[in-house]
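Encoded as structure tokens, the structure appears first; notes follow it.
The values are calculated or read from the model by the stated rules, or taken from the named source; none is laboratory data. Just so we're clear, the structure is a prediction, and the values are computed from it rather than from any experiment. Glycine also receives a Cβ, built like all others from the backbone with ideal geometry; neighbour counts cover every protein chain displayed.
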Amino acid sequence: MGIANDWSIAWGIAEAAHKAGAKLIFTYPNASVEKRVRALAEKLADGGTPIPVYPCDVQADSQLITLNSVLEADGHQLDFIVHAIAFANKDELKGGISQTSREGFNLAMDVSCYSLLAVMKYLKPRLTQSASILTLTYEGSIKVVPNYNVMGVAKAALEAAVRYLAAEFGPQGIRVNAISAGPINTLAARGISDFTNMLKHHEATAPMRRLTTKEDVAGAALYLLSSLGSGTTGEVLNVDTGAHILGPTPAGM
Ligand code: NAP
């Protein structure tokens, strides 16, 4: 869930999972994204077994309920779900957080955090015994990142949700984790004011002196989604070329 185009983190994970032998299912939120998602699904199918593609706007319970029914009718069980979904109005991703509107706050929280709970609620019947759920977060949840604003609050809530879900589903052998990725140039990220400078700063200062790639994230995702990560749940794994370890840097150093 969350492929918008071939820059999407979810697409990077899909490519890696496909290469590792996973059978995939894609979802799309609306008609304008559908065409792109179907084209990418065909690319992976490469003339072989088609990848099923279903609509699912996570803001609509009815669509999640339908998704569960359609998956059941088509005989699909899920070994893993990748929830790579977030949204905030562009206006909320600049300036001071105190200017966030009530509507904008609720929207960001609904799409970027509540949706993970809703996915677990409605797709639970489709999960296999040792299923693994993965969501995507960002360091702006625990540290102040200029312009990230309400999305930082939503990501903090999302990370807490990961822990609560991991505790709830753990007894059933179902794991829930998050990857905290460094900034990657995607459609969603471009909505953050001054994102280009965020990238430049990350590249110049991260311990590995390079940007995080969606392939970096995909590698960690394979670990968490597969039996390689069988003992890991409730975790927020940093995949950010080391940026999260840095403290304040005195001027001139
Ligand atoms: P992306 O390619 O733009 O993916 C975001 C996806 O969320 C899009 O497919 C978007 O669809 C979808 N979405 C938005 N509202 C939805 C809804 N109501 N129902 C279903 N899907 C909806 O950007 P991305 O950077 O790969 O983002 C994936 C995840 O990684 C997000 O949670 C993001 O916060 C997180 N992340 C990103 C970065 C980064 O720097 N890029 C870093 C850390 C974490 P539309 O295109 O139709 O809106």
Can you tell me which residue among TRP7, TRP11 is surrounded by fewer than 21 Cβ atoms within 10 Å (Cβ to Cβ), touching a residue at least 24 places away in the same chain (Cβ under 8 Å) and within 12 Å of the ligand (Cβ to nearest atom)? TRP7
Of the residues THR233, THR186, THR241, THR212, which is buried (at least 17 other Cβ atoms within 10 Å of the Cβ), of a type in the set (S, T, N, Q) and under 14 Å from the mean Cα position of the chain (by Cα)? THR186
Criterion first (in contact with a Leu (Cβ under 6 Å, 6 or more places away or on another chain) and under 30 Å from GLY95 (Cβ atoms)) does GLY242 satisfy it? no
Failed condition for LYS155, given (1) away from the ligand (no atom under 12 Å from the Cβ); (2) surrounded by 18 or more Cβ atoms within 10 Å (Cβ to Cβ); (3) among the basic types (Lys, Arg), with all others met? (1)
Strands (runs of 3 or more DSSP E) completely within region 34-150 that count 3 or more residues being more than 14 Å from the ligand (Cβ to nearest atom) and surrounded by fewer than 18 Cβ atoms within 10 Å (Cβ to Cβ): 127-137
For region 199-217, name all the residues that are within 8 Å of the ligand (Cβ to nearest atom) and free of Cβ contacts under 8 Å to residues at least 60 places away in the same chain. THR212
Applying the selection to region 14-32, what residues are within 11 Å of the ligand (Cβ to nearest atom) and surrounded by fewer than 19 Cβ atoms within 10 Å (Cβ to Cβ)? ASN30, ALA31, SER32
Can you confirm whether region 165-173 contains a residue that is within 15 Å of the ligand (Cβ to nearest atom) and either at pLDDT below 95 or assigned to a loop (DSSP other than H, G, I, E, B) (or both)? no
